[in-house]
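The values are calculated or read from the model by the stated rules, or taken from the named source; none is laboratory data. Keep in mind it's a predicted model, so treat the numbers as computed, not measured. When we count neighbours, we look across all protein chains shown, and the Cβ atoms used for this are built from the backbone with ideal geometry, even at glycine.
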Amino acid sequence: MIEPVMGSGVVNIQDLIDDANCYRKVRELRWPEGVWCPFCGDEHLLKQGFDSTQKQRQRYQCKSCRRYFDDLTGTIWRRRNPRSSA
Ligand SMILES: [Zn+2]
């Protein structure tokens, strides 16, 4: 039998929102067959490094429409603090 123990770090929030895992999961869910442009749907992309504050957040540029986007652009995942989601 498992009982929740308050105040002893039973749930490690950092584990749940671990950046690398989080962004990998986002990519899996969002682009299960490979990344494509959210603006025009083209699959020909250039990787443009990573977000300056979130090192696991891959940035892309579309070769077709030339627009920039990243793992979270245009998704509900964009919310900055997952814990405050309503
Ligand atoms: Zn595009």
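General observations
- Among residues of segment 57-85 that are closer than 17 Å to ASP19 by Cβ and away from the ligand (no atom under 16 Å from the Cβ), those with a Cβ under 9 angstrom from a residue that is among the acidic types (Asp, Glu) and at pLDDT 55 or above, sequence gap 6+ or separate chain, pair up as ARG57/ASP19; ARG57/ASP51; ARG57/ASP70; ARG57/ASP71; LEU72/ASP51; TRP77/ASP71.
- Qualifying residue in segment 18-34 (condition: more than 10 Å from the chain's Cα centre (by Cα), in a helix (DSSP H, G or I) and at pLDDT below 90): no
- Scanning segment 29-43 for residues that are more than 15 Å from ARG57 (Cα to Cα) and exposed (fewer than 11 other Cβ atoms within 10 Å of the Cβ), we see that the one that is nearest to the ligand (Cβ to nearest atom) is GLY41.
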